[in-house]
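Scroll down for the structure; my scribbles are underneath it.
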Amino acid sequence: MERGDDKGIPVRVALRCRPMAPKEMSEGCQMCLSFMPGEPQVVVGSNKPFTFDYVFDPSVEQEEVFNTAVAPLIRGIFKGYNATVLAYGQTGSGKTYSMGGTYTADQEHEPSVGVIPRVIKLLFQEKEQRQDWEFTLKVSYLEIYNEDILDLLCSSRERSSQISIRDDPKGSIKIVGLTERSVTCAQDTVTCLEQGNKSRTVGSTAMNSQSSRSHAIFTIYINQMKKTDKNSSFHCKLHLVDLAGSERQKKTKAEGDRLKEGININRGLLCLGNVISALGDENRKGGFVPYRDSKLTRLLQDSLGGNSHTLMIACISPADSNLEETLNTLRYADRARKIKNKPVVNLDPQAAELQQLKQQVQQLQVLLLQAHGGILPVSINSMAPSENLQSLMEKNQSLMEENQKLSQGLSEAAGQTAQLLERIILEEQENEKMNTQLEQLQHAVGKLDLQKLVETVEDEELKENLEVLCNLQQTLTELQSEKAAAVEAAALMVNSEEDGTAEAEMGQDNKRSSDDFSTQHALRQTQMSKELLELNKALALKEALAKKMTQNDSQLEPIQSQYQTNIKDLELKVSNLQKEKEELVLALQMAKKDVNQAKLSEQRQKRLQELEGQIGELKKKLNEQAKLLKLKEATESTVSKLNQEITEMKNQRVRLMRQMKDDAQKFRQWKQQKDKEVIQLKERDRKRHYEMLKLERDFQKQANVLRRKTEE
């Protein structure tokens, strides 16, 4: 990737004010905003000015908004930059109208067409003008409803549970499980947009009859490759975001589900505001940014402070009844202007690696010519001047020394980590024994509340026993907290080793064989520590699941025995009712022959219907209880499988610990041998130095004697 600007590019903000609504005019609302002609400035009331990159008053049409603010952003996509357009504002301020969230193909030539359809049209127009490039386009459409990600291009909502947010190895955000459809023309893209718009969650409130109840993100992925040069290729993405509006319950009069939706919307926007405040605060350089507080901020991580050109369209209402919300939106947008993004050209990984290799070849050619005293060409000479050779050699030497120190520190840290993890394993084994004993004790006392029993029991001996049980439970809790702290310390140790690994690998090619062995040992220890930590996490999850399922089984045991008793009773009742039914059928057949017993036969007919209804209900209950028994059997088989997996993982953990221990032992032996060799070499060097001094003194004496004889 190639950076566009090291200092960062600020987020651009376009302010758009909608016209007064008929309802606001009927209520006698007045304009509380004034716009400065020819200046991107708006004044709230009489003395509160705000300046943005673009300001559009209520008379501005959709086309002017798009051509002025959005179109330049879209053209940058074809240079390989990511882009984001997001609309923010109070509910009913015109966000969905501006973005085109309700667009259909019938509105193609209407002036009210929003940003998204115009972006699609411009995108394919620019694509047609670039005949020497090959393009591959895909689209996705999602909404965040009550903090759940829903796929709007999926025919059913069943896949919503499979959608998850992951970190890409390059640091960007990747959505796993989201539908991505390939499109070849504008019509295909509009069809996907229409399908997603029909699936969006909307509802009616007191402020807006068609209020968006979710945040929607329509994304277009673009891959472009030059036909004449396959190594020249870019890939980028365009996010078009329609945020749900911030709202107040006293104005929307929301109740039930609408109130719950509004709470979740405001929570997501609050998290977004915290991220904007953290990124826009100049005094918090390098501080923590709470991207993970909500799924909305997680998805917009690249757009805010990351690899993207971003435009925020802040939508406001001109009515004085919404003055407070309008001021909040203006302050929100003003903070967003302080965010510095760092967009880069998204090159294809293979093409970027090839370009990097070419640069390295050029630099090596420069060094080779300088070493042989050659005359460099002008273009190469300007790239790497000859006077930099000595500084490069010195820098290389210092990096090698630093690399040696880091490798030594890394190997020591790896040894400490192995010891720490070994202690954790031993503590876990002790903890498991304590858990087993406590479970036996809890099984013995049942589900009684020990604390209440201690307070109510008068017998001193029994009271002491109950206090012992309570102390055991507290001890187990302390052991579990110590275990969690130890695991966290091990994780921190492993993370610190990971931070040092990259620096330790910097001069690996130029080191001696002993340094190579030390570095490889440190890297092996780090890798095994990471594997052991992941194994511990997976083992803890499986143990928790098995324990929970076992507890559920123990709770279901009395219910199962009761169900078995009920099944027997129900079967007996069914057989009795069946007999009574057969007797009534015979009686009815006899009654049909006798005319005088017509009234009695009607009563028997009613009784027969009642019996059939009771038999049907009893059979339903029997089926339900049989299903519960089958479910319990399936749970027991799952628990047995989990226990087998846990045993296997524990054995694997023991094997890994032994391997780490053996590796550490071999390294210590090797280090001791090397230290002995170093001591011996130093001793030899000291003796040789002493002999040299002695020879120099003897030579000096002989020279003095020879000089005196010569003088005589």
Q | Alpha-carbon Rg/Rh ratio, for region 63-150, with Rh computed the Kirkwood way | A | 0.99
Q.
Would any residue of region 645-671 have its amide N under 19 Å from a label point 7 Å out along Cα→Cβ of LYS542? List them or say none.
A. 645-659
Q.
Can you give me the long-range amide H partners of VAL344? Hydrogens built in the peptide plane at 1.01 Å from N, cutoff under 5 Å, separation of 5 or more residues or another chain.
A. GLY4, ASN82, SER308
Q. Given H placed on each backbone N at 1.01 Å, which residues far from ALA244 in sequence or on other chains put an amide H within less than 5 Å of it?
A. HIS215, ALA216
Q) Given R₀ = 22 Å, FRET efficiency for ALA105-GLN125 by Cβ-Cβ distance, to 0.05? A) 0.80
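Determine, for each peptide in 302-310, 625-633, the mean count of other beta carbons within 10 angstrom over its residues, then list the peptides with the highest first.
The densest-packed peptide leads the list: 302-310, 625-633.
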Q: Give me the number: length gained by fully extending GLU583 to SER26, i.e. 0.36 nm times residue separation minus the C-alpha to C-alpha distance, one decimal in nm.
A: 192.7 nm
**Q.** Listed residues ASP168, ASP132 arranged by accessible area, highest first, probe 1.4 Å
**A.** ASP132, ASP168
Q: Pull out the extension gain between ASP229 and LYS701, defined as 0.36 nm times the separation in residues minus the alpha carbon to alpha carbon distance; nm, one decimal.
A: 162.1 nm
Q. How much FRET efficiency would the formula 1/(1 + (r/R0)^6) give for LYS260 and ASP293, where r is the Cβ-Cβ distance and R0 is 25 Å, rounded to 0.05?
A. 0.85
Q. Which residue, chosen from TRP670, VAL654, GLN625, occupies the Cα position most advanced towards the positive end of the dipole of region 617-695, where the dipole is computed from +1 (Lys, Arg) and -1 (Asp, Glu) charges on Cβ about the Cα centre?
A. TRP670
Q | Amide H contacts of ILE313 (H built 1.01 Å from N, under 5 Å, at least 5 apart or other chain) | A | ALA14, LEU86, ALA87, TYR88
(Q) If I take all pairs of Cα atoms in region 9-347, what percentage of them are more than 33 Å from each other? (A) 24
Q: Report the label-to-label distance for LYS694 and THR635 in nanometres (one decimal), using points 7 Å from each Cα along the Cα→Cβ vector.
A: 8.8
Q) Which peptide among 56-66, 232-242 comes first, and what is the full order, when sorted by highest mean count of other Cβ atoms within 10 Å? A) 232-242, 56-66
Q | Two-decimal ratio, region 11-116, of alpha-carbon radius of gyration to 2.2 N^0.38 Å | A | 1.19
(Q) For a Förster distance of 25 Å, can you work out the FRET efficiency between the beta-carbons of MET393 and LEU364, rounded to the nearest 0.05? (A) 0.95
Q | Lysine pairs in region 238-344 with Cα atoms under 19 Å, if 8 or more residues apart or on separate chains | A | 6
Q) Packing-wise, with mean Cβ within 10 Å as the measure, how do 34-41, 81-88 rank, highest first? A) 81-88, 34-41
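The values are calculated or read from the model by the stated rules, or taken from the named source; none is laboratory data. In this text, all values refer to a predicted model and were calculated from it rather than measured experimentally. Quick reminder, even Gly has a Cβ in these numbers, built from the backbone with ideal geometry, and neighbours come from all protein chains shown. Ligands, DNA and RNA are stripped out before the accessible areas are found, and what is left, the full protein with its side chains, is counted by its heavy atoms. Shrake-Rupley method; radii C 1.70, N 1.55, O 1.52, S 1.80 Å.
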